[in-house]
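The values are calculated or read from the model by the stated rules, or taken from the named source; none is laboratory data. Note that the structure is predicted; figures quoted are calculated from it, not measured. FYI the Cβ positions are ideal-geometry reconstructions off the backbone, even for glycines, and counts take in every protein chain you see.
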Amino acid sequence: MNPREIRRLADLLRDYGLTEVEVEREGVRIRLRRDPVPPAPPAGPVVAAQAVPAAGSPALVVGPAADEARLLTIEAPMVGTFYRAPSPDAQPFVRDGDRVKKGQVVCIIEAMKLMNEIESKVAGRVVKVLVENTQPVEYGQPLFLLEP
């Protein structure tokens, strides 16, 4: 099985809400499993006040939620081990604050002894690297936050 076939299986998991899929082909068996996503808690009223506007002036509340809403996420396209650099003694592909271009390699995910370069799908500035080097990652796990 090649990485593209494994990615297709992972897409099936996500698209159909499956928690596990197993395929055997030519003596090779692959099983992908993910934890079921817990249901989102019911949305209740949210009250956020940062300043009291003067009478007659429009109210505009700007806070962390507004800042986070505009950030883009680069997610893991597969299960594997996350590497920030091409080799242990090399500099990381990207750091917090770096600008990235669409198609630029931002990390490597090792899956089944294959090194898969992960590219940014958008251009922007790296706000935060969310995963430590050599840590295992799950399919769909956020890896980076980008500011467009």
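Here's a check for you: in segment 1-32, which residue that is basic (Lys, Arg) and not in a helix (DSSP H, G or I) is farthest from Glu110 (Cα to Cα)?
So, considering only residues that are basic (Lys, Arg) and not in a helix (DSSP H, G or I), the one farthest from Glu110 (Cα to Cα) is Arg25.
Test Glu68 against the criterion of being touching a strand residue (DSSP E or B) at 6+ places or on another chain (Cβ under 9 Å), within 30 Å of Leu114 (Cβ to Cβ) and either modelled with pLDDT of 50 or more or among the charged types (D, E, K, R) (or both), and give yes or no.
No, not satisfied.
Looking at (1) modelled with pLDDT of 70 or more; (2) touching a helix residue (DSSP H, G or I) at 6+ places or on another chain (Cβ under 9 Å); (3) not in a strand (DSSP E or B), which is the only condition Ala48 fails?
The number of the failed condition is (1).
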